[in-house]
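Notes to accompany the following structure.
The values are calculated or read from the model by the stated rules, or taken from the named source; none is laboratory data. Because the structure is a prediction, the values reported are computed rather than measured. With ideal geometry, Cβ positions are generated from the backbone for all residues, glycine too; neighbour counts draw on all protein chains shown. For accessibility, only protein heavy atoms count, side chains too; no ligands or nucleic acids. Shrake-Rupley method; radii C 1.70, N 1.55, O 1.52, S 1.80 Å.
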Amino acid sequence: MTIRIYVRASTKDQDAERALSDLVLFSQSYGDQYGTYIENYSGTKLERPALNRLLTEASKGDILLVESVDRLSRLSQDDFAILKDKIKAKGLRLIIADLPTTHTTNDGMTGEILNVINAMLIDLLATMAKLDNDKRKERIKQGLVRSGYVPTGKKADIAKHDRIKELNTKGLTKEEIAKAVNCGVATVYRVLKE
């Protein structure tokens, strides 16, 4: 059995590894064989490179350890259902560090009841994470409107986008590409994601 520790932050400006040492320490109560999967990627996206690698490499009986539900998902209910199905199909046990009911297993009727309660709690927390994300986006939009921000409606610079893609094929880092093309790192990520 391997403990597969998944940590995520939404942007490069955030520290995805912030909780990693605590999770590694926490994982030791389940065993000493672990792997880490770290990414800066939006939790609103179902397809995430490190999460997909984790699911590919995982075996039945492994543990998927996350700090909190919102680190795993800020997905829509439909996409979260797909992710849960993938986790279940792999035979992974989901342990959420800040949800103590997921830390232990019990056999028999007590174990079955606890599994149902955990499933409901995880679904509720995932829904709350999605709603929190949606509210944050709405507040940002309202703040922009209130500040007088008006979208310029300018068109994408196709030549710049092509140059970003070209430099990416040459193995430059995202930061090096941004500097070479004179744009923000977020623009590089957005163009390469298209």
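General remarks:
- Near pairs, Cβ below 8 angstrom, 6+ apart or cross-chain, from the range 138-157 (at negative phi) to any residue that is open to solvent by 100 Å² or more (accessible area, probe 1.4 Å) and at pLDDT below 85: none
- Where residue 105 falls short, out of the listed (1) open to solvent by 80 Å² or more (accessible area, probe 1.4 Å); (2) out of contact with any strand residue (DSSP E or B) (no Cβ under 9 Å at 6 or more places or on another chain); (3) under 29 Å from residue 67 (Cα atoms): (2)
- In the range 2-56, the residue that is surrounded by the most Cβ atoms within 10 Å (Cβ to Cβ) out of those that are more than 9 Å from the chain's Cα centre (by Cα) and of a type in the set (Phe, Trp, Tyr) is 37.
- Flag for residue 70 being open to solvent by 80 Å² or more (accessible area, probe 1.4 Å) and in contact (Cβ under 8 Å) with a residue 12 or more places away in the chain: no
- Each residue in the range 169-194 was checked for being in contact (Cβ under 8 Å) with a residue 12 or more places away in the chain and either in contact with a Pro (Cβ under 8 Å, 6 or more places away or on another chain) or crowded, with 16+ Cβ neighbours inside 10 Å (or both), and 9 of them qualify.
- Selection count where residues are acidic (Asp, Glu) and modelled with pLDDT of 90 or more, scope the range 3-29: 1
- Identification of helices (runs of 4 or more DSSP H) wholly contained in the range 41-100 with 1 or more residues that are under 19 Å from residue 124 (Cβ atoms) and β-branched (Val, Ile, Thr) yields 69-72, 77-90.
- Within the range 73-98, the residues that satisfy the criterion of being under 14 Å from residue 23 (Cα atoms) and open to solvent by less than 20 Å² (accessible area, probe 1.4 Å) are 95, 96.
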